[in-house]
Amino acid sequence: LGLLYQEYRDKSTRQEIETRRLQDSQTDPEESSPSEETPSEAEPTSTPESKAPPQISLLRNSNSRFNLWQDLPEIRSSGVLSILQPDEIKLQEAMFELVTSEASYYKSLNLLVSHFMENERLKKILHQSEAHILFSNVLDVMAVSERFLLDLEQRVEENIVISDVCDIVYQHTVNHFSVYITYVSNQTYQERTYKQLLQDKPAFREVISQLELDPKCKGLSFSSFLILPFQRITRLKLLVQNILKKVEEKSDRETTALDAHKELETVVKACNEGVRKMSRTEQMISIQKKLEFKIKSVPIISHSRWLLKQGELQQMNGPKTSRTLRTKKLFREIYLFLFNDLLVICRQIPGDKYQVFDSAPRGLLRVEELEDQGQSLANVFILRLLENADDREASYMLKASSQSEMKRWMISLAPNRRTKFVSFTSRLVDCPQIQCVHPYLAQEPDELSLELADVLNILDKTDDGWIFGERLHDQERGWFPSSMGEEILNPKIRAQNLKECFRVHKSDDSQRRKLGSRNRQ
């Protein structure tokens, strides 16, 4: 392919965004959204098979650009487009995109290895251990991609109408894709080493800059090549989801797609956990060193504990701190460390230290918003500890710096509290949705990183420009700026998005139901 994977991926997601915009502007989305049409029940029976099928030349033509399956000369000249149902053509496009995007990805990986990793000047500058951290097991990843691509190419060349690709995805995910977990788990150290090398070794910085200027790189940075494997394994899952939405229900191809999706989801989760584990351990050690306990000490470091949110709030002081108190109120700064299973309440003391004066299990926290209490109580909420460090109930009246900060704390402290809008997991018919049109990198633990074309349910929003959302394709939740997306206004498109999401995750739902049934027994 002529396109590097970064270009291919960007172009593909931009097209996805534009398609949704077009659908959202239609009064009847069925006119512009063939995916809502009733799928064809039967496989096409008139596929030309009597003569040897023409080979698809796209994969070996370096001058090819971003092509659709139906635009290929071989497909147009075969007459197959007049035979296939519209839904089958859309399915062919979805499978073809998985193949061509893998070819583009392999091209970019090859450039990372040949242009950067094997550069003689770079080899002389880097110590062996630095090179190992920087490039990790990229050679293994590239070998896996090559083997995967060869099998996909062979399938495409068997017949101009692609029979399936998800069976190949399944086999390779189960047998080979563990190399991605190794690569992605190294990401924290990779990023740190890269920054350190740029800072400490001017020669490294100079060589990287020169290599990036080479026309082969098409203006793309070295770091954009390093992150390719993580982006690819995540995108591959979405491509299989796209195929799953288009295959016939209750067909063999649906079963295969569900199996492939389940295995990919396992790998993606393992990749995410690998990254988080590395950074969480270091973060917990750092926090432990900063804490001094005024109360009975609580061990902070645990393999099953991680930080959800930290920050300063204003605590209302006074012997009768309550919502009915109308006299002047005094506020004092306190600092909260909220972990997935524990809340620690502190006051900051000199030397970048924090003195802990209360704590409670996260499951024993309750929050309550104060409304219509005047400007002095704006962004104030009540935090109740049903059982604190002294084994008694305690209440704190806390003031946040903004409405969004207040809501973010309330949702983090009591995650099961009802939000303004309801999550799709409640199976309600409609919920506000937003499509990501600008990528966003999370800055805080309670934020959600967004990729272009992500679709999310809006669970809550604030007047100062923040949204609490749940991404449809993986049900991850978090906050992000509202400026990162465009709201989907057409209720039929929202319903279609939910329907597709339920279908993709129906195997997960059946597993949960079985588990729930066993637990009840």
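The values are calculated or read from the model by the stated rules, or taken from the named source; none is laboratory data. In this text, all values refer to a predicted model and were calculated from it rather than measured experimentally. Ideal geometry is used to build each Cβ from the backbone, glycine not excepted, and the neighbour counts take in all protein chains shown.
Which members of the stretch 155-201 meet the condition of being under 18 Å from K246 (Cβ atoms) and either within 28 Å of the chain's Cα centre (by Cα) or of a type in the set (S, T, Y) (or both)?
The answer is S163, D164, V165, C166, D167, I168, V169, Y170.
Look at E153 and say whether it is under 17 Å from I233 (Cβ atoms), in contact with a helix residue (DSSP H, G or I) (Cβ under 9 Å, 6 or more places away or on another chain) and either charged (D, E, K, R) or assigned by the TED database to the domain that holds L84 (or both).
Considered against the rule, which asks whether it is under 17 Å from I233 (Cβ atoms), in contact with a helix residue (DSSP H, G or I) (Cβ under 9 Å, 6 or more places away or on another chain) and either charged (D, E, K, R) or assigned by the TED database to the domain that holds L84 (or both), E153 comes out as no.
Exactly one of these conditions fails for S101: (1) more than 23 Å from L213 (Cα to Cα); (2) without any contact (Cβ under 8 Å) to a residue 60 or more places away in the chain; (3) of a type in the set (S, T, Y). Give me its number.
Answer for S101: the failing condition is (2).
When L197 is evaluated against the numbered criteria (1) touching a helix residue (DSSP H, G or I) at 6+ places or on another chain (Cβ under 6 Å); (2) closer than 30 Å to R503 by Cα; (3) part of a helix (DSSP H, G or I), which criterion, by number, is the only one it fails?
Checking L197 against (1) touching a helix residue (DSSP H, G or I) at 6+ places or on another chain (Cβ under 6 Å); (2) closer than 30 Å to R503 by Cα; (3) part of a helix (DSSP H, G or I), the one that fails is (2).
Which of the residues belonging to the stretch 220-247 are part of a loop (DSSP other than H, G, I, E, B) and under 20 Å from the mean Cα position of the chain (by Cα)?
Across the stretch 220-247, the qualifying residues are I227, K245.
Return yes or no: is K250 out of contact with any His (no Cβ under 7 Å at 6 or more places or on another chain), of a type outside the set (V, I, T), outside any helix (DSSP H, G or I) and not assigned by the TED database to the domain that holds I345?
Criteria met by K250.
If I ask for residues that are touching a residue at least 12 places away in the same chain (Cβ under 8 Å), in a helix (DSSP H, G or I) and farther than 21 Å from V141 by Cβ, which ones from the stretch 207-219 would you list?
Across the stretch 207-219, the qualifying residue is only V207.
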